[in-house]
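A.B. asks: Questions regarding the structure given below will be posed in turn.
The values are calculated or read from the model by the stated rules, or taken from the named source; none is laboratory data. All values derive from a computational prediction rather than experimental measurement. Methodologically, a virtual Cβ is constructed for each residue, glycine included, from the backbone with ideal geometry; neighbour enumeration extends over all protein chains shown. Protein only, heavy atoms only, side chains kept; ligands, DNA and RNA dropped before computing areas. Shrake-Rupley method; radii C 1.70, N 1.55, O 1.52, S 1.80 Å.
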Amino acid sequence: MRSVSGILFIISAPSGSGKTTLTNELLKLVPGLEFSISYTTRPPRGSEQHGRDYFFVSEEEFQAMTARGEFLEYACVFGQYYGTAKRFLEDARKTGRDLVLDIDVQGAAQVKKKMPEAVSIFILPPSREVLEFRLRHRSHAEHMDSEEVIRRRLEGARKEIENYRNYDYILVNDRLEPSIALLKAIVAAERLKGSAEDLSAEDAGVLAAAEQCLLPNTGQRAEQILASFATAGRGQEEKVQ
Ligand code: 5GP
C-alpha cells in the first residue's frame, strides 16, 4: 500500500465518546501520523502533561497568539479557549506526515472552510445512556468532575451531535477494538485514494470497511443516537417543571 502524504484528519466527538483512547491507539498503530497538540486555557486534568496532551497557557498568552495570527483555528469550548497552531500543519507538510487534529465542531467547521480536502471523522457514543455512564466513570476515576460539569457535558454532547452531517465519516464507538479497526481503515482508505497502484484484496477489504462509515451509510444510526439525547433532554425538562 502506497501512502500519499499531507492528509489532514479532523477527529471530533462529544466528551466521553472515547475519542482520546481511539486517537492514541490510532497514533500508536499507524505509522506516518502526527498529532497536533492544541493550546488551551483550561487547567490540566488528571495525569495530563504540558506539551504532551496540550500546551496549557494563560488567557493572556492565548490572546497574544490569536493576535499574532498563529492559529489555524480556535474556539471557546465549555468556557475555555482551545486552538490549533498553524506550525503543526507546516511541520507535518515539511516532514511529509499526515496530521491528526482532535478538535470540536466549531474548529472543524473553520478548518473545513479553509481546507475542504481535510478528512473529517465524527465519533459518536452508541447512546446517551452509554455516554452518561462513561462520563460518570471518568469523573469518579479522576475525582474531579462535578454533577454540574457532567450535566453541561451531556447538553454539550447533544449540541455537538447535531453537527454530525458536516462530517465525511461517522464512527459509532460501541466497542473499542472494532472501532480502532474502523478508524485505521478510514486512514488507510484515504491514503489509498491517492495511490496509482492496483488494489490488492486486502486493500479492497479496507475500502469496504471505511465505506461503512461514510455519512450516507451511517446517517440513520446517527439520527437514532441524536434522538436518544432529545428524548432524555425532554424528560429532564419535564422533571424540573
Ligand atoms: P477536553 O477539555 O475534554 O480535553 O476537550 C474539550 C473539547 O475541546 C473537545 O471536544 C476537544 O476536541 C476540543 N478541542 C481540543 N483541542 C482543540 C483545538 O485546538 N481546537 C478546537 N476548536 N477544539 C479543541
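A.B. asks: With 24 Å as the cut-off, how large is the P(r) tail for the range 138-226, expressed as percent of Cα-Cα pairs?
C.D. replies: Looking at the range 138-226, the distances longer than 24 Å represent 39 percent of pairs.
A.B. asks: Output the direction-averaged projected area (hull surface divided by four) of the convex hull of the alpha-carbon atoms of the range 1-85, in nm². Intermediate values should be presented prior to the final figure.
C.D. replies: Values: hull surface 26.8 nm².
Result: 6.7 nm².
A.B. asks: Pick out, in residue order, every one of the chymotrypsin sites (Phe, Trp or Tyr not before Pro) in the range 1-78 that is DSSP loop and has at most 15 other C-beta atoms within 10 Å; say none if there are none.
C.D. replies: Working: sites: 9, 35, 39, 54, 55, 56, 62, 71, 74, 78; in loops: 78.
Hits after loop and neighbour filter: 78.
A.B. asks: Can you compute the charge dipole magnitude of the range 117-203 about its Cα centre, using +1 on each Lys and Arg Cβ and -1 on each Asp and Glu Cβ, nothing else charged? Give it in debye, rounded to the nearest 20. Write out the running numbers ahead of the final one.
C.D. replies: Working: 14 positive and 18 negative charges, 88 e Å.
Taking the Cα centre of the range 117-203 as origin, the dipole is about 420 debye.
A.B. asks: With springs connecting C-alpha atoms under 10 Å apart, model the chain as a Gaussian network and identify which of 79, 32, 205 has the largest mean-square fluctuation.
C.D. replies: Between 79, 32, 205, it is 79 that shows the largest mean-square fluctuation.
A.B. asks: Could you calculate, for the chain, the ratio of the Cα radius of gyration to the Kirkwood radius, expressed as Rg to Rh? Intermediate results must be reported in sequence, preceding the final value.
C.D. replies: Values: Rg = 18.3 Å, Rh = 18.9 Å.
We get a ratio of 0.97 for the chain.
A.B. asks: Using a probe of 1.4 angstrom, how much of the accessible area of the chain is carbon and sulfur, in percent? Working shown, then result.
C.D. replies: Details: 6530 of 12690 Å².
Looking at the chain in its full context, I get 51 percent from C and S.
A.B. asks: Hey, what's the range 46-163 come to in accessible area per residue, 1.4 Å probe, Å²? Please list the in-between numbers first.
C.D. replies: On the way: 6350 Å² over 118 residues.
Here the per-residue accessible area is 54 Å².
A.B. asks: Can you say what percent of the DSSP beta bridges in the chain, counting only those with both residues inside, are antiparallel? Round to 5. If you can, show how the numbers build up before the last one.
C.D. replies: Numbers: 9 of 27 bridges.
DSSP beta bridges in the chain are roughly 35 percent antiparallel.
A.B. asks: Here is a further query. Report the paramagnetic label zone for residue 163: residues of the range 28-60 whose backbone N is under 19 Å from a point 7 Å from Cα along the Cα-to-Cβ axis.
C.D. replies: Residues 36-42 qualify, since their backbone N sits under 19 Å from the label point.
A.B. asks: Would you kindly work out the equivalent ellipsoid of the range 64-111 from its C-alpha gyration tensor and give its semi-axes, the square roots of five times the eigenvalues, largest first in whole Å? Show your work: numbers first, answer last.
C.D. replies: Numbers: eigenvalues 82, 37, 11 Å².
Those come to 20, 14, 7 Å.
A.B. asks: Percent antiparallel among DSSP beta bridges with both residues in the range 1-105, to the nearest 5? List each step's numbers first, then the result.
C.D. replies: Numbers: 8 of 18 bridges.
Of the beta bridges lying entirely in the range 1-105, close to 45 percent run antiparallel.
A.B. asks: Can you pull the three principal axis extents for the Cα set of the range 27-158, in Å, largest first?
C.D. replies: 43, 34, 28
A.B. asks: Using +1 on the beta carbon of Lys and Arg, -1 on that of Asp and Glu, and nothing else charged, what's the dipole of the range 2-102 about the Cα centre, debye to 20? Mind dumping the intermediate values first?
C.D. replies: On the way: 12 positive and 13 negative charges, 66 e Å.
My answer is approximately 320 debye.
A.B. asks: I need the phi-derived Karplus couplings for the range 106-121: 6.51 cos²θ - 1.76 cosθ + 1.60, θ = phi - 60°, integer Hz, Gly and Pro marked x.
C.D. replies: Running phi through 6.51 cos²θ - 1.76 cosθ + 1.60 with θ = phi - 60° gives 5, x, 4, 5, 5, 5, 4, 5, 6, 9, x, 7, 4, 9, 10, 10 Hz.
A.B. asks: Any idea what the dipole of the chain comes to, in debye rounded to 20, about its Cα centre with Lys/Arg Cβ at +1 and Asp/Glu Cβ at -1?
C.D. replies: Values: 32 positive and 36 negative charges, 32 e Å.
About 160 debye.
A.B. asks: Defining a contact as two alpha carbons under 8 Å apart and six or more residues distant in sequence, what relative contact order in percent does the range 1-63 show? Don't jump to the answer; show the numbers that get you there.
C.D. replies: Working: 36 pairs, mean separation 13.9, N = 63.
It comes to 22 percent, rounded to a whole number.
A.B. asks: Please state, as a whole number in µm²/s, the translational diffusion coefficient that the Stokes-Einstein equation yields for the range 152-199 at 25 °C and 0.890 mPa s, with Rh defined as the Kirkwood radius across alpha carbon pairs. Present the calculation step by step, with values, prior to reporting the outcome.
C.D. replies: Numbers: Rh = 13.1 Å.
Here the translational diffusion coefficient equals 187 µm²/s.
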